[in-house]
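Encoded as structure tokens, the structure appears first; notes follow it.
The values are calculated or read from the model by the stated rules, or taken from the named source; none is laboratory data. Please read all numbers here as calculations on a predicted model, not as lab measurements. A quick note on method: Cβ atoms are made from the backbone with ideal geometry, for glycine too, and the neighbour counts reach across all protein chains shown.
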Amino acid sequence: MVNIKGKTLSGIFSDLLKRIVCSSESSFALFIGILGLTFAYRIQLTKSLFTNSVRPFDVNPACHPIWFVLAYFPYDLSLSLACVLLSWLLSGAHFSIKQSKAFAILKISGFVFSHIILIILPLVHGAHIRLLFDAQTGLNYSMVMEVLLNVSFFELFKFVRLRDCIFLLFPIGLFWLVFLSPRSSKIWMGGVQIASLIILSSISVFAANYKSTHVPAEIRLNPALFLLSDVAENAIFKRSAESRNIKRIDANDSDIHLAGSMYTHQMMPVTILPPKTPYQWNIIFFIMESVGTRYIFDTSYGNPMPMPFLHGIAKESWHLKNHYTTSNISTKAIFSLLSGLYDSFSRKAFGIRPDSCVPSIHNFLAEGYDSFLVTPSPITWYFPTAFVRNSGLLEMHHYENLNFRIKEEFHSVGRYIGRDEIQTVDFFIQRLNKAREPFLGIYVSFAAHFPYFDYGADYRIMEEDGRLISRYYNNLNLLDHMIKWVFDNLQNRGLLDRTILVIVGDHGQAFGQHHPDNYMHHRYSYNENLQTPAIIYQPKLFKPRAIELPTSHVDILPTLLDAMKIPHNPVLFGGESLFHHKLKRKYIFFYGHEECISSLDTNQIKVQYSLKKNRCWAFDLKLDPDEKNPLDCSSYTLQLEVLHKFVSDHDSSLVKYNARMREKKRVSETQAPVAMEINYLGE
């Protein structure tokens, strides 16, 4: 009796398998291909999390790797089932009209659909895991838009490796292996597959106990599901700007400078300038990539101070202790440092536009300056190259044309490869030694940028314990040595007395503050992402002073021009000279790459508005410097109104200013060679 029942159940199961396989052999092959892909991804991710010295979001799984794989298996299974369901529905459609002329078209369409899925999914999975380990982010809507707006296909193609090709071809190969197999083999594979899924699903229920609430969605979810959910949130369900219940003030043809009672106090600022010198000043910008204010002098981990030399010269300088970037991404931040202007308040960076012609610091200096820029990193990915070149600064030494050692670790994507920092700063010092005075030298570091390459025991102030913050502090110490090398060389050559040294970060850096996925700098607009050091050294011009009021990148250039007594029109800048005894402006502004716009007023009230979530909040930084208690914006309606007016006006004003500059440049090129009139443009 038992044997009969067993045979009956076996027959039913066998008949069910035949129906599943025969109903759509391509759907069955697709299911196997996608499931194989998701398993390969999950195993590769888990292996990397357990073996790599640098892990995304500092995730450190406490359970066994097998449990970690199985704990998140349901997400991968749900993707596979969803895809095969779509394919099966298409197959069902063409079977229902088997005698119709449309049968062949639908059958071909089903095959095309399957292969599109088998091409897209490996790309999504491969890009996601690369971004996790190389950029501390997953493949989301923001990353897709950044690539579409700012990166060419050729640049992306350069970073494809052989193992990437194998990963991309694996599910297609698995699909055809299953599809071309005899039907009996498919039925056998189907039985093994169903049994395996039942067992794995059962085990995953127990493995769920090992899930951690501290594991970000980028790791928990399947990459395709993560991307789809983020696209749905940001592109499909996001309200349009016209439907937001925020009062906006109509844009007008305002100048690039912030004027009027809405933006400024109605007063004439008192300006106390240093005495004029008989010589032109040399200028060095030392721009520190990804250096946050809160870390440079921090000893809270029981570690030595990361940047003791910088701490020493800060006491002999103008130390802007409450300094902010204009954006949490480098392209926009560096544009502001060199132009004194806010970049566009949208995802597209103005500084990379081929027609970007607004003046940089190079244009305000007298003719004859020996100007050059050096960086160990690849400037095609993060630097406002077009803006700098169009302003006339043509000598740029960078990753692509420096023949030094390449620093690279684990699965490093191209944008995070860099030339050896020690060799590069030595090259910068040699170039300074060859420079004719006056000179403008710009160095953009890479040491404090993820993945925080290891430069050896000489620069380690913290043990290699697997934490990103430890590697970061070690590289801040390397940066400190580099600044000292430049400083000592200027002193030894007798150039220090004639040189202004500007040491500034481009933006801050985060290590999981506020949110478990707030790593690097571009995910949020908290102070750890926005605050960065700024120190201006030249005792003859900048008497030692600690400036506590909020300052911005857009203030640096007008301050330098005032110090050097270079005539200029203040309406050319979005910032204000810090030689003013009292600043006229009421606010500074920030653009967050996560599509958050912010303003900070002189009373340390920070108002923020999410463009993608249609939500506003505020922080009182005097009472809540760590931004733990968000406030309702109802108490700050005027500041929110001003923020929206600034954003609605700014981009069009920047474009118009750029058009005026392009026209003046075109006219000057068709006339006799004359110096480009910069000082009074915009009047």
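If the condition is being within 20 Å of SER552 (Cα to Cα) and at pLDDT below 95, then segment 293-327 contributes no residue at all. From the list ARG471, ARG460, ARG431, the one residue that fits, being of a type in the set (D, E, K, R), without any contact (Cβ under 8 Å) to a residue 24 or more places away in the chain and assigned by TED's automatic domain parsing to the domain that holds SER300, is ARG460.
Anything in segment 399-411 that is surrounded by fewer than 21 Cβ atoms within 10 Å (Cβ to Cβ) and in a loop (DSSP other than H, G, I, E, B)? List them, or say none. Answer for segment 399-411, where residues must be surrounded by fewer than 21 Cβ atoms within 10 Å (Cβ to Cβ) and in a loop (DSSP other than H, G, I, E, B): GLU400, ASN401, LEU402, ASN403, PHE404, ARG405, GLU408, GLU409, PHE410, HIS411.
Against the definition (closer than 30 Å to MET564 by Cβ, free of Cβ contacts under 8 Å to residues at least 60 places away in the same chain and crowded, with 22+ Cβ neighbours inside 10 Å), how does TYR443 come out, yes or no? Taking the combined requirement at face value, the residue does not satisfy it. Please verify whether ALA546 is of a type outside the set (Ser, Thr, Tyr) and in contact with a Gly (Cβ under 9 Å, 6 or more places away or on another chain), treating the condition exactly as stated. For ALA546, the condition - of a type outside the set (Ser, Thr, Tyr) and in contact with a Gly (Cβ under 9 Å, 6 or more places away or on another chain) - is not met. Could you list, in sequence order, the residues of segment 569-581 that are under 16 Å from LEU337 (Cβ atoms) and either in a strand (DSSP E or B) or of a type outside the set (Phe, Trp, Tyr) (or both)? Residues satisfying the conditions are LEU572, GLY574, GLY575, GLU576, SER577, LEU578. Candidates are the residues of segment 491-519 that are touching a residue at least 60 places away in the same chain (Cβ under 8 Å) and over 30 Å from TYR591 (Cβ atoms); the one that is surrounded by the most Cβ atoms within 10 Å (Cβ to Cβ) is THR499.
Among the residues of segment 597-625, the ones that are under 30 Å from SER229 (Cα atoms), out of contact with any Ser or Thr (no Cβ under 7 Å at 6 or more places or on another chain) and either at pLDDT 95 or above or not small (Gly, Ala, Ser) (or both) come to 12 in all.
Filter segment 382-395 down to the residues that are of a type outside the set (Val, Ile, Thr) and crowded, with 18+ Cβ neighbours inside 10 Å, then identify the one that is nearest to SER48 (Cα to Cα). Step by step, filter segment 382-395, then rank; the result is TYR382. Taken over segment 258-284, the residue count meeting the criterion of being in contact with a strand residue (DSSP E or B) (Cβ under 6 Å, 6 or more places away or on another chain) and either at pLDDT 80 or above or farther than 18 Å from HIS580 by Cβ (or both) is 4.
Is at least one residue of segment 550-559 farther than 30 Å from SER229 by Cα, part of a strand (DSSP E or B) and in the same structural domain as ASP343 (by TED's automatic domain parsing)? Yes, segment 550-559 has at least one match.
Being of a type in the set (Asp, Glu), part of a helix (DSSP H, G or I) and either surrounded by fewer than 16 Cβ atoms within 10 Å (Cβ to Cβ) or in contact with a strand residue (DSSP E or B) (Cβ under 6 Å, 6 or more places away or on another chain) (or both) is the requirement here; does ASP465 meet it? For ASP465, the condition - of a type in the set (Asp, Glu), part of a helix (DSSP H, G or I) and either surrounded by fewer than 16 Cβ atoms within 10 Å (Cβ to Cβ) or in contact with a strand residue (DSSP E or B) (Cβ under 6 Å, 6 or more places away or on another chain) (or both) - is not met. From the list GLY494, GLY508, the lone residue that is assigned to a loop (DSSP other than H, G, I, E, B), within 17 Å of PHE439 (Cβ to Cβ) and not basic (Lys, Arg) is GLY494. Restricting segment 218-241 to residues that are part of a loop (DSSP other than H, G, I, E, B) and of a type in the set (A, V, I, L, M, F, W, C) leaves a set whose member that is modelled with the highest pLDDT is LEU221. Candidates PHE364, PHE387, PHE383: the one that is more than 18 Å from PHE573 (Cβ to Cβ) and of a type in the set (Phe, Trp, Tyr) is PHE383.
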